[in-house]
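The values are calculated or read from the model by the stated rules, or taken from the named source; none is laboratory data. Quick caveat, the model's predicted, so the values are computed rather than measured. For neighbour counting, all protein chains shown are included, and Cβ atoms are generated from backbone atoms with ideal geometry for every residue, glycine included. Only protein heavy atoms, including side chains, enter the accessible area calculation; ligands, DNA and RNA are left aside. Shrake-Rupley method; radii C 1.70, N 1.55, O 1.52, S 1.80 Å.
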Amino acid sequence: MRIDLHTHSLASDGTDSPAEVMAQAARAGLDVIGLTDHDSAAGWAEASEAAAATGVTLVPGMEISTRCEGAGVHLLAYLPDPEYPPLRAELRRILDGRSGRLAAMLTQLQAAGIDITEADVMTRVGGAPAIGRPHIADVLVAKGLVSDRAEAFREWLGSGRPGYAARYACPTRTMIRTVTESGGAAVIAHPWGRASRHVLDRDTLASFQVDGLVGIEVDHQDHGPADRDELRDIATDLDLVATGASDFHGGGKVDHDLGCNLTAPAQLERLLDHAAANAGRSGRDVAKVVRP
Ligand code: AMP
Ligand code: MN
Ligand code: MN
Ligand code: MN
C-alpha cells in the first residue's frame, strides 16, 4: 500500500487540477493520497469525483498557515469539518490576508522596477482561493525575469527580499485546537523545514499534544536523513503519528514527485483512528475518506 498524504493542486499553488493530481497519483502507483491545498477545501469535491475512475483513495485535508514564536508553521488538518464556524472564520482571515499582502508585494516589486500588475497575477491564480507567492513567481518566470519559482523566491519573494511582505497567520496552538474541535486530526507539516526548524523542539511538540496534535510529518524533502531519524524517535517517544509525503506541487516544485516519500499503512490507520475519535467528540459533520 503506497500512501502520500501531502499534495497541492490548482486549488492553491500546485499546477495540476485536483482530478489531474488523482490521475497522476494512479500513474505513480499510489493507493492513497491526501489533498492538502493551502488554507482551503476547494479541491476536495473534484478530487472526490476522481477517486472511482483513478482507483485512488482520497484523504481530504488542508495545509494551514500558522505562526509560532515568529516562525511560519504549516499545520496539516486531515478530515476536519471545514464549515465549523471558528475554522471557517480563521481560514477566511488567512485568505483575506493573502489578498491584502498581494497588493503590498506588487507595490514593492513595482518600486523595484518590475512591470507587474494584479491582472498579471490573476491570470496565474485561476480560481484558487489561496493566492500565494508561487503565483507571483510564475508571472516573473513568464516575463523572463527569472528561470523558475525557486529563483523567484531567492531573488524577489523570499523573506527579506525586495518583494516580500508578511501576512496574517494565527498561533499554531490555537489552530491545533480549532482543527481538533472541528473533528479533524492535526499534524505538523515538515516541522524542521526552513522556517520552523528552530521553534519546534521536542518539548514544544509535546506541549502541542495537550492541544490535540496527533502527528508530525517525518519523511519530507526538507528533512535530511539525520533529521528524519531524530523526528521519528521523537514521534515514537511521544506516541505521535509519523507521516511521510511528497508535498507535490506539480511543475511548481522540483524534487517533490508524487510518492517520493510515503506514509506507512499502520501510521495512516492511527491517523484515521485519531480523526474518528475527534469527529465523535466534536459531533460535527466531518469530511470522509473517499474510497474508489
Ligand atoms: P505563501 O503561502 O504565499 O507564503 O508562499 C509559500 C509557498 O511558496 C509555499 O507553500 C511553497 O509552495 C512555495 N515556496 C516557498 N519557498 C519556495 C522556493 N524557494 N521555491 C519554490 N517555491 C517555494
Ligand atoms: Mn505551496
Ligand atoms: Mn508547507
Ligand atoms: Mn505543502
Hits in the range 216-274 (condition: farther than 22 Å from residue 184 by Cβ, among the hydrophobic types (A, V, I, L, M, F, W, C) and part of a loop (DSSP other than H, G, I, E, B)): 254, 258, 260
Of the criteria (1) more than 15 Å from ligand 2 (Cβ to nearest atom); (2) of a type outside the set (Val, Ile, Thr); (3) more than 22 Å from residue 73 (Cα to Cα); (4) part of a helix (DSSP H, G or I), which one residue 138 fails: (1)
Single condition residue 192 does not satisfy, out of (1) within 16 Å of ligand 2 (Cβ to nearest atom); (2) open to solvent by 20 Å² or more (accessible area, probe 1.4 Å): (1)
Entirely in the range 21-129, the helices (runs of 4 or more DSSP H) that have 1 or more residues that are within 16 Å of ligand 4 (Cβ to nearest atom), on the phi < 0 side of the Ramachandran plot and touching a residue at least 60 places away in the same chain (Cβ under 8 Å): 44-54, 85-111
Sole residue being surrounded by fewer than 20 Cβ atoms within 10 Å (Cβ to Cβ), away from ligand 2 (no atom under 13 Å from the Cβ), within 23 Å of residue 83 (Cα to Cα) and among the aliphatic types (A, V, I, L, M), chosen from 52, 28, 23, 45: 45
Looking only at the range 174-189, and only at residues there that are surrounded by 24 or more Cβ atoms within 10 Å (Cβ to Cβ) and polar (S, T, N, Q), the one that is nearest to ligand 1 (Cβ to nearest atom): 178
Residue in the range 132-155 that is farthest from the chain's Cα centre (by Cα), counting only those that are farther than 15 Å from residue 117 by Cα and away from ligand 3 (no atom under 16 Å from the Cβ): 144
Among residues of the range 107-153, those that are at pLDDT below 95 and closer than 15 Å to residue 251 by Cα, counted: 2
